[in-house]
Amino acid sequence: MTLSPVLFAFYCSWVVTGLGVGLWIWSWVRVKDPIGRLRFQDCGVVLVFAAVLTRIIIQDREMTVFDWAMILLGPLFIAAALWRLSRTQSTKR
């Protein structure tokens, strides 16, 4: 079995999805600080949406309404989460 770049991207996207969901669950189970919880959730959102967008881009079938909605809304959620991560970073050194 030859590992093509598309197949590699597909498997990596599922690993990244699992990592993103794991960060989101970790934020609810283990993190007590509200800002820390928000940062873990934002990291999870970025990873999950990036992985979903990757799977949409590499698919072989025609795009559905859900795919188009994710193409339009995914980057907005990613940008919002990255903006919030930049606003909640610690400036203490």
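The values are calculated or read from the model by the stated rules, or taken from the named source; none is laboratory data. The model shown is predicted, which means the values in this text are computed figures rather than measured ones. Virtual Cβ from ideal backbone geometry, glycine too; neighbours counted across all protein chains shown. These accessible areas exclude ligands, DNA and RNA; they are computed on the full protein's heavy atoms, side chains included. Shrake-Rupley method; radii C 1.70, N 1.55, O 1.52, S 1.80 Å.
In the chain, helices alone account for a calculated mean residue ellipticity at 222 nm of -27500 deg cm²/dmol, with every DSSP H run of four or more residues adding -39,500 (n - 2.57).
If the segment from TRP68 to TRP28 were pulled out straight at 0.36 nm per residue, it would be longer than the present Cα-Cα gap by 11.4 nm. Of all trypsin sites (Lys or Arg not before Pro) in segment 1-80, which ones are in loop regions per DSSP and have a Cβ with at most 13 other Cβ atoms within 10 Å? Here the trypsin sites (Lys or Arg not before Pro) that fit, given the DSSP loop and packing criteria, are ARG30, LYS32, ARG61.
Per residue, segment 5-89 exposes 69 Å² of accessible surface when a 1.4 Å probe is rolled over the protein heavy atoms with every protein chain present.
For segment 9-93, the relative contact order is 34 percent, taking Cα pairs closer than 8 Å that sit 6 or more residues apart in sequence and dividing their mean separation by the residue count.
Assuming R0 = 41 Å, can you tell me the calculated FRET efficiency for the pair LEU3 and LYS92, based on Cβ-Cβ distance, to the nearest 0.05? It comes out at approximately 0.40. Surface composition of segment 46-93: carbon and sulfur make up 66 percent of the accessible area, probe 1.4 Å. Suppose we look only past 19 Å in the calculated P(r) of segment 39-93. What percent of the Cα-Cα pairs does that tail hold? Looking at segment 39-93, the distances longer than 19 Å represent 37 percent of pairs. Across the chain, Cα-Cα distances exceeding 19 Å account for 50% of all pairs.
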